[in-house]
Each structure stands twice: as structure tokens, then as C-alpha cells.
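Let me begin by presenting the structure, written as C-alpha cells, before commenting on it.
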Amino acid sequence: QVQLVESGGGWVQPGGSLRLSCAASGTIFRLNVMGWYRQAPGKARELVATITSDGCLTYAESVKGRFTISSISSDNAKNTVSLQMNSLKPDDTGVYYCYGQQYVDYWGKGTLVTVSS
């Protein structure tokens with residue numbers, strides 16, 4: 001069973017930066033896709049950024065130029081994905097979920113990001 005564990009959430013003032021990380025365990029294979037989704041209070045979960053095993057990147061329009069996704073996958077089957085978030089805005093507030101795909105979708109439990117003054 002694949003498990004995704006996030007870290008790095010917290011509170012930051014507008015204009016600040018945070019870095020989220022996610023580590024996958026329970027698989028000996030490289031995940032086909034890893035990424036991040038977020039859910040703001042009262043809103044639906046939305047895509048933030050994803051990266052495929054061959055390096056294809058996708059970003060939500062609202063985070064382009066501010067967020068950077070990266071991943072590491074080594075021969076010892078450590079799948080990790082990180083999200084560097086710069087120039088954070090109050091609208092970036094929400095629970096950020098790590099996402100992984102390998103035939104089925106996997107989700108982390110989420111980490112809260114709060115952007116406020």
C-alpha cells in the first residue's frame with residue numbers, strides 16, 4: 001500500500017515563502033505522477049502542480065511563476081516531491097495534499113498552509 005506523508009506547512013505572511021515536501025513509501029516502483037492539490041475553506045480541491053516520471057510539469061495558472069515543483073526518485077524506490085512556494089498570497093491559504101498515481105490515485109492527509117498578516 002502506497003502512503004504519502006507531507007511536511008512543511010505552516011503560517012507565513014503575504015509575500016513570504018514556504019517549502020512543502022512529500023515522501024512516498026510502500027512501493028518499489030517509481031510513481032507515474034506526483035504533485036500537489038489544495039483545498040481552501042468552502043471550496044473544492046484544486047490542482048496546484050504535478051510532475052510526471054518523465055519530467056512533464058503542470059501548474060495552475062494562479063501559481064505560475066511563483067511555485068516550483070520538483071521530484072526525486074532513486075533506485076531505492078524513494079519517491080519524493082517538493083513544492084517551493086514564493087510570493088505567497090492570502091488566496092494560497094488552504095490544506096495542501098500530496099498526490100501520487102500508480103495505476104490508482106493516492107493522497108496524503110494534507111498539511112495546512114496559512115497566508116495572513
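The values are calculated or read from the model by the stated rules, or taken from the named source; none is laboratory data. Quantities reported herein were computed from a predicted structural model and do not represent experimental measurements. For neighbour counting, all protein chains shown are included, and Cβ atoms are generated from backbone atoms with ideal geometry for every residue, glycine included. Quick note on the areas: whole protein, heavy atoms, side chains included, nothing else; ligands and nucleic acids left out. Shrake-Rupley method; radii C 1.70, N 1.55, O 1.52, S 1.80 Å.
List of remarks:
- For the chain, the alpha carbon positions stretch 43, 25, 21 Å along the principal axes, listed from largest to smallest.
- Length gained on full extension, GLN13 to CYS56: 12.4 nm, using 0.36 nm per residue less the C-alpha separation.
- For segment 36-117: relative contact order, % (alpha-carbon pairs under 8 angstrom, 6 or more apart): 26
- Counted charge near GLN39, where neighbours are those whose Cβ lies closer than 14 Å (Asp, Glu -1; Lys, Arg +1): 0
- Accessible area (Å², per residue) of segment 1-63, counting only protein heavy atoms and a probe of 1.4 Å: 56
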